[in-house]
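Engineer: Starting off with a structure, shown below.
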Number of protein chains: 2
Amino acid sequence: MRLDTRHPRQIRADIRGGRLTGITAGLGQNYVQANLAILPRAQAYDFLLFCQRNPRACPLIEVCDAGSPEPVGVAPGADLRTDLPRYRIHEHGVVTAEVTDIRSYWRDDLVAFLLGCSFTFEWALLDAGVRLWHVEEGKGVAMWRTSIACRPAGIFNGPMVVSMRPIRAVDVAKAVTVSARYPGAHGAPIHVGDPAALGIDDITQPHYGEAQFFAPGDIPVFWACGVTPQAVALAAKPPLMITHSPGHMFITDLPNASLAAW
Amino acid sequence: MRLDTRHPRQIRADIRGGRLTGITAGLGQNYVQANLAILPRAQAYDFLLFCQRNPRACPLIEVCDAGSPEPVGVAPGADLRTDLPRYRIHEHGVVTAEVTDIRSYWRDDLVAFLLGCSFTFEWALLDAGVRLWHVEEGKGVAMWRTSIACRPAGIFNGPMVVSMRPIRAVDVAKAVTVSARYPGAHGAPIHVGDPAALGIDDITQPHYGEAQFFAPGDIPVFWACGVTPQAVALAAKPPLMITHSPGHMFITDLPNASLAAW
């Protein structure tokens with residue numbers, strides 16, 4: 001994997017200038033990357049409430065003021081309209097455009113939400129010596145819609161999506177305690193060991209992402225996934241929703257370690 | 001202190017029926033007690049955002065649907081209009097009535113917020129063997145407005161209020177780790193040891209509550225306080241805000257231990 005260890009400010013400047021256009025994995029090594037969701041103010045209260053009620057799946061790390069594209073809490077000076085490599089425009093729940101700049105879509109009533117992502121706890125797991133096969137193999141994780149209902153909020157309602165990583169049995173406890181320190185990045189696992197308890201019939205057939213390699217004795221460990229809020233929001237068919245394109249995240253100025261719970 | 005070890009459902013029924021009218025300290029032993037703040041939907045987005053941006057001072061444990069007085073997440077079947085012993089009605093930031101039932105004030109656009117309170121982490125501290133002089137003496141804690149600015153949200157803006165407990169030096173580390181497990185009840189201390197760093201000139205003169213006894217060598221330990229959101233909200237002079245009267249809290253069905261972070 002390509003690594004870019006410059007400060008996120010410099011990397012975002014290259015993204016803004018069109019010099020970096022791909023996925024953000026490996027960029028801004030050790031800095032928090034975030035999922036982006038932008039909604040009109042008319043839908044923002046329900047979405048904020050949905051995140052408050054479902055913090056494991058929707059760990060908010062920033063909510064901008066209506067009309068402001070600057071995430072002053074996590075990356076002062078950044079512009080969320082230009083500083084991600086790629087965006088998806090969704091109208092009434094359908095992707096209508098994929099663009100590299102959303103200034104022409106911006107409005108005074110738009111609210112930008114940034115949500116923590118699994119990169120942060122994966123970094124913590126690797127740092128603690130927990131092996132992650134998909135990282136070693138350069139693959140994506142496996143994800144499923146589950147039988148766990150999110151707590152609804154206004155127009156938003158739907159199932160929790162989880163990601164699954166096979167963990168060596170000897171490392172399961174460590175994987176729990178290490179990821180639990182990062183509630184801003186989905187926190188501890190939602191479930192350990194029994195796919196059927198989540199309504200998952202076939203652990204070899206993910207709904208999203210890639211099937212995972214299991215070494216003998218590995219335990220499937222499930223974390224709440226940031227796909228949840230996006231899937232739930234789009235199912236409500238809001239008139240406009242803008243998100244990052246998959247893998248093309250926002251790189252904040254927060255070191256991963258700073259997201260640890262006090 | 002009077003103790004009532006019945007289930008909160010039974011205690012709330014007595015409160016609803018007018019048979020319990022005083023403060024709630026000692027009632028529903030080991031169950032989470034909560035601060036109540038009720039605002040019109042027109043101010044609710046800003047308040048929800050304020051809480052999201054200031055989680056140490058404003059640990060939300062429930063936000064009801066607009067118009068619903070039932071906190072389905074923490075006490076299904078309860079009615080927030082009748083199940084607290086005493087309420088304050090604030091109009092444009094001024095107390096205009098103190099009542100034992102708010103059904104006549106209720107409207108379809110009101111949103112009820114419940115916030116965790118220090119009772120939960122004090123229970124955890126005592127359980128862990130950390131001595132709290134004010135509990136042993138049957139006194140209130142000491143509180144100050146500090147020089148720490150909360151992060152503003154819309155109309156809401158103001159200083160963080162903290163509570164202070166003198167802790168034996170040998171117990172300070174334990175007090176930090178034990179309270180940190182309860183982010184839903186203000187979590188770890190905001191500050192340990194230096195009142196001046198918070199803009200507190202005189203540790204013997206609290207802005208609210210009572211001055212505290214210090215044993216030789218005790219360290220002043222400061223936690224974010226639930227007075228913060230109420231003070232900030234009232235400073236914005238919303239047309240209507242309903243709160244519990246001081247000490248007359250809402251008793252949830254959540255055991256204190258259930259509020260521990262995963």
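Rule-based calculations on the coordinates, nothing more; no lab input. No experiment lies behind these values; they were computed from the predicted model shown. Every residue, glycine as well, gets a Cβ built from its backbone with ideal geometry; the counts of neighbours run over all protein chains shown.
Engineer: Decide, for segment A:170-262, between rounded, prolate and oblate: order the square roots of the alpha carbon gyration tensor eigenvalues as a ≥ b ≥ c, take rounded if a/c falls under 1.5, and otherwise choose prolate if a/b is larger than b/c, else oblate.
Structural biologist: Judged from the Cα gyration tensor, segment A:170-262 comes out oblate (a/c at least 1.5, b/c at or above a/b).
Engineer: Another question about this same structure. Quick one: order A:ILE102, B:ILE251 by neighbouring beta-carbon count within 10 Å, fewest to most.
Structural biologist: Working: A:ILE102 21, B:ILE251 26.
Lowest to highest Cβ neighbour count: A:ILE102, B:ILE251.
Engineer: Further question on the same structure: B:GLN230: net charge of surrounding residues, Cβ under 14 Å, Lys/Arg +1, Asp/Glu -1, itself excluded? Before the final figure, lay out each step's value.
Structural biologist: Working: positive: B:ARG88, B:ARG145, B:LYS237; negative: none.
My count for the surroundings of B:GLN230 gives +3.
Engineer: Next question, about the same structure. Could you line up A:SER245, B:SER118 from fewest to most neighbouring Cβ atoms inside 10 Å?
Structural biologist: Values: A:SER245 17, B:SER118 21.
Going from least to most buried by this count: A:SER245, B:SER118.
Engineer: Something else: Could you name the lysines in cross-link range of B:LYS139, using Cα to Cα under 25 Å and dropping any fewer than eight places away on the same chain?
Structural biologist: Within reach: B:LYS174.
Engineer: Also, I was wondering about something else. Taking the Cα centre of each part, how many Å lie between segment B:85-163 and segment A:153-187?
Structural biologist: 32 Å
Engineer: For segment A:100-159, rounded, prolate or oblate, judged on the Cα gyration tensor with a ≥ b ≥ c (square roots of eigenvalues), a/c < 1.5 rounded, else prolate if a/b > b/c?
Structural biologist: Taking the square roots of the gyration eigenvalues as a ≥ b ≥ c, segment A:100-159 is oblate.
Engineer: In debye, nearest 20, what is the charge dipole magnitude of segment A:119-229 about its Cα centre with +1 on Lys and Arg Cβ and -1 on Asp and Glu Cβ, if you could check?
Structural biologist: Working: 8 positive and 10 negative charges, 66 e Å.
With only Lys, Arg, Asp and Glu charged at Cβ, the dipole is about 320 debye.
Engineer: HN-Hα J couplings of segment A:39-49 from phi, Karplus 6.51/-1.76/1.60, θ = phi - 60°, integer Hz, Gly and Pro as x?
Structural biologist: Each residue's phi maps through the Karplus curve to give 9, x, 3, 4, 9, 5, 4, 4, 5, 4, 5 Hz.
Engineer: For segment B:224-237, in order, what is each residue's ³J(HN,Hα) by Karplus, 6.51 cos²θ - 1.76 cosθ + 1.60 with θ = phi - 60°, in whole Hz (x at glycine and Pro)?
Structural biologist: With coefficients 6.51, -1.76 and 1.60, one gets 4, 10, x, 5, 3, x, 5, 5, 5, 5, 5, 4, 7, 6 Hz.
Engineer: Per-residue HN-Hα couplings for segment B:11-16, Karplus 6.51 cos²θ - 1.76 cosθ + 1.60 at θ = phi - 60°, whole Hz, x for Gly and Pro?
Structural biologist: 5, 5, 5, 5, 5, 4
Engineer: Which order, highest average first, do B:24-34, A:119-129, B:145-155, B:195-205 follow once you tally other Cβ atoms within 10 Å for each residue and take the mean per peptide?
Structural biologist: So the order, starting with the most tightly packed, is B:24-34, A:119-129, B:145-155, B:195-205.
Engineer: Now a separate question. Work out the mean other chain Cβ neighbour count within 10 Å for the residues of B:45-54 and drop it here as an integer.
Structural biologist: 4
Engineer: Also, quick follow-up: Excluding A:THR82 itself, calculate the net charge of residues whose Cβ lies under 9 Å from the Cβ of A:THR82, where each Lys or Arg counts +1 and each Asp or Glu counts -1.
Structural biologist: Charge balance near A:THR82 sits at +1.
Engineer: Restricting attention to the protein assembly as shown, give the cysteines that have no other cysteine Cβ less than 4.7 angstrom from their Cβ.
Structural biologist: Among the cysteines of the protein assembly as shown, those whose Cβ sits 4.7 Å or more from every other are A:CYS64, A:CYS117, A:CYS150, A:CYS225, B:CYS64, B:CYS117, B:CYS150, B:CYS225.
Engineer: If you place +1 on the Cβ of every Lys and Arg and -1 on the Cβ of every Asp and Glu, how big does the dipole about the Cα centre of segment A:1-158 come out, in debye to the nearest 20?
Structural biologist: I would put it at about 200 debye.
Engineer: Could you pull out every residue, at least 5 positions away or on a different chain, whose amide H is within less than 5 Å of the one on B:HIS244? Hs are placed 1.01 Å off N in the peptide plane, and Pro or chain starts have none.
Structural biologist: B:LEU36, B:ARG88
Engineer: With +1 assigned to the C-beta of every Lys and Arg and -1 to the C-beta of every Asp and Glu, and no other charges, what is the dipole magnitude of the protein assembly as shown about the Cα centre in debye, to the nearest 20?
Structural biologist: Dipole about the Cα centre, nearest 20: 60 debye.
Engineer: Between A:VAL32 and residues 5 or more places away or on another chain, which pairs have amide H atoms under 5 Å apart, with H built 1.01 Å from N, and which residues are they?
Structural biologist: Residues meeting the criterion, in which the H sits 1.01 Å from N, are A:THR252, A:LEU254, A:ASN256.
Engineer: For segment A:139-208, rounded, prolate or oblate, judged on the Cα gyration tensor with a ≥ b ≥ c (square roots of eigenvalues), a/c < 1.5 rounded, else prolate if a/b > b/c?
Structural biologist: Oblate.
Engineer: I would also like to ask the following. Note the angle between two axes, namely the Cα long axis of helix A:118-127 and the longest principal axis of the Cα atoms of chain A, as a number of degrees from 0 to 90, rounded to the nearest 10.
Structural biologist: The angle comes out at about 40 degrees.
Engineer: Sticking with this one: Check which residues have an amide H placed less than 5 Å from A:VAL141's amide H, if you skip close sequence neighbours.
Structural biologist: Long-range HN contacts for A:VAL141: A:GLU210.
Engineer: Another question, then. Just add up the charged neighbours of B:GLY140: K/R +1, D/E -1, any other residue whose Cβ is under 12 Å from the Cβ of B:GLY140. Before the final figure, lay out each step's value.
Structural biologist: On the way: positive: B:LYS139, B:ARG165; negative: B:GLU122, B:GLU137, B:GLU210.
Every neighbour counted, the sum reads -1.
Engineer: Also, I was wondering about something else. With a 10 Å Cβ neighbour count serving as the proxy for reagent exposure, in which order, fewest first, do A:HIS90, A:HIS7 appear?
Structural biologist: Fewest-to-most ranking of A:HIS90, A:HIS7: A:HIS7, A:HIS90.
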